[in-house]
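Input: a single structure, listed below in structure tokens.
The values are calculated or read from the model by the stated rules, or taken from the named source; none is laboratory data. In this text, all values refer to a predicted model and were calculated from it rather than measured experimentally. The area values use the complete protein model at the heavy-atom level, side chains included, leaving out ligands, DNA and RNA. Shrake-Rupley method; radii C 1.70, N 1.55, O 1.52, S 1.80 Å.
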Amino acid sequence: MKQNKFKQIVVLFLVFYMCLFAQPTLAFEKGDEPDCLYALSAVLIDGDSGRVLYEKNGKEKRPMASTTKIMTCILILENDCLEEIAEVSENAAKMPKVRLGAMVGEKFYVKDLLYSLMLESHNDSAVILAEHVGGSVEEFAEKMNVKAREIGCKDTWFITPNGLDAKEERDGEEKNHETTARDLAQIMRYCIQQSPAREQFLKITQTPSYTFQDVDGKREFTCQNHNAFLSMMEGAISGKTGFTAQAGYCYVGAVRKDGKTLIVVLLGCGWPNNKSYKWSDARKLIEYGLQEYSLHSFDEVKISKYPSKIPVKNACNPNLDKDTNIPLFRKKGEKMNILLKEGEQIEVSYCGKKQLFAPIKKGEKVGELHYTVNGKVWYKEDILTAKGKKKIDFSWCLQQIVKRYGNIEKY
């Protein structure tokens with residue numbers, strides 16, 4: 001009897017201990033948003049439309065550590081210099097760990113250094129590449145900032161190509177090397193969806209292991225991919241880890257599954273010894289996106305709220321009426337999908353002219369169809385004229401008189 005009571009006490013103690021120290025569960029009820037995330041900032045977006053599906057402090061500026069290297073990588077790829085040879089400078093060789101260990105004067109093919117950059121996150125490789133393409137780290141950082149603005153990232157500032165914590169004075173203002181979870185998600189979306197070098201980017205970031213030599217063949221290097229999410233999550237296609245003392249553990253990753261493309265960003269996701277927190281948060285957010293959102297195409301929406309024709313003032317009309325009508329048509333854009341939650345729907349409205357004045361050219365834009373979800377426009381289609389119309393002038397009036405009353409010379 002005493003032995004049974006002792007067993008019960010031990011079991012209760014173990015249950016209490018497990019509950020006390022257990023990590024947050026990945027499960028959540030249908031319709032609920034994820035909670036108990038470790039990350040200080042987190043975002044989940046739809047890779048097709050760019051729509052934010054979930055965020056926690058998504059607009060808060062934070063250091064992003066080596067997730068910086070996704071921008072470095074895509075700029076090098078778009079520079080189309082993979083077969084060029086890059087030489088190691090003294091500045092590159094003195095970069096802190098994690099590093100390839102490249103020596104001053106050593107030479108490497110650019111394509112090999114990209115695997116060093118993305119698989120092992122070598123800081124010296126980032127500087128070698130930046131100096132080769134930009135001439136200096138500072139000039140390359142300027143290219144990074146220009147690209148960020150082109151993508152639409154207004155709260156991002158790059159100082160280094162490797163993501164080491166940094167600050168600088170610019171136009172009398174102190175700038176930090178930082179981004180937001182929202183901006184970083186859009187940068188990743190550009191890398192895997194929109195960049196002309198997206199296939200090369202995916203190939204590099206999906207490679208499990210890569211071996212290469214310096215140009216002279218004196219040393220050999222092997223790089224292992226540290227993005228564990230590639231094997232942890234079905235459908236994972238890309239990602240990049242990062243850590244610095246200020247940034248904490250960071251992660252940006254992408255998954256394609258069931259026709260959906262999901263991008264997750266985590267900033268400040270724990271500090272040592274909590275290296276695994278980022279995997280827990282990433283899985284939770286991806287599973288939330290897969291469970292709660294369904295795939296929809298803008299093509300599937302029935303269109304009835306736009307004019308099929310439009311009146312034109314002062315147009316040439318054989319019937320000599322004052323007004324005439326021109327038929328209109330939709331110019332469909334590139335097919336695009338969007339993820340919607342249960343109960344959400346796409347609404348369509350026409351925004352454009354209700355009347356035209358001649359002359360009108362065939363294919364002239366008169367308005368747009370706006371496809372909105374929760375009041376925000378996600379997709380547009382142009383409404384164009386199906387034919388043209390000339391303006392009434394003296395010459396046209398004379399022609400009409402001749403047609404109606406015959407040749408004037410007879411009289």
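Can you list residues whose amide H is under 5 Å from His122's amide H, if they're 5+ apart or on another chain and H is modeled 1.01 Å from N?
Amide H to amide H, under 5 Å and 5 or more residues apart or across chains, His122 pairs with Leu117.
What ranking of Ser231, Ser280 comes out by heavy-atom accessible area, probe 1.4 Å, highest first? Mind dumping the intermediate values first?
Working: Ser231 105, Ser280 20 Å².
Largest to smallest exposure gives the sequence Ser231, Ser280.
Rolling a 1.4 angstrom probe over the protein chains, ignoring ligands and nucleic acids, what is the accessible area of Asp48 in square angstrom, nearest 10?
Estimated to the nearest 10 Å², Asp48 gives 40 Å².
For Tyr54, what residues show an amide H to amide H distance below 5 Å, using hydrogens built from the backbone and excluding near sequence neighbours?
Those qualifying (amide H under 5 Å, at least 5 residues apart or on another chain) are Leu44.
Kindly report the accessible area of the range 94-211 per residue (heavy atoms of protein chains, probe 1.4 Å, no ligands, DNA or RNA), in Å². Each step should come with its number before you reach the end.
Details: 5110 Å² over 118 residues.
Dividing the accessible area of the range 94-211 by its residue count gives 43 Å².
Taking amide H atoms as placed 1.01 Å from N in the peptide plane, list the residues 5 or more away in sequence, or in a different chain, whose amide H sits under 5 Å from that of Ser238.
Placed amide hydrogens put Ala254 under 5 Å from Ser238.
Could you derive backbone 3J(HN,Hα) for the range 134-143 from the dihedral phi with the Karplus parameters 6.51, -1.76 and 1.60 (θ = phi - 60°), listing whole Hz in sequence and x where the residue is Gly or Pro?
x, x, 7, 4, 5, 5, 5, 4, 5, 4
For the range 202-328, go through all pairs of different Cα atoms, get the mean of 1/r, take its inverse, and jot down that Kirkwood value in Å.
Result for the range 202-328, one decimal place: 19.6 Å.
Whole number please: convex hull volume per residue of the Cα set in the range 62-124, in Å³?
For the range 62-124, the hull spanned by Cα atoms encloses 83 Å³ per residue.
Could you work out how far the C-alpha centroid of the range 226-299 sits from that of the range 325-348, in angstrom?
About 29 Å separates the Cα centre of the range 226-299 from the one of the range 325-348.
Considering every pair of different Cα atoms, what Kirkwood radius, in Å, is found for the range 278-389?
One over the average 1/r among Cα pairs gives 16.6 Å for the range 278-389.
Which order do Lys94, Lys389 take when ranked by solvent-accessible area (1.4 Å probe, heavy atoms of all protein chains), largest first? Mind showing how you got there, number by number?
Values: Lys94 140, Lys389 40 Å².
Result of the area sort, largest leading: Lys94, Lys389.
Provide Asp216, Asp124 ordered by accessible surface of protein heavy atoms (probe 1.4 Å), highest first.
Asp216, Asp124
Heavy atoms of the protein only, probe of 1.4 Å, neighbouring chains included. What is the accessible area of Lys387 in Å², nearest 10?
90
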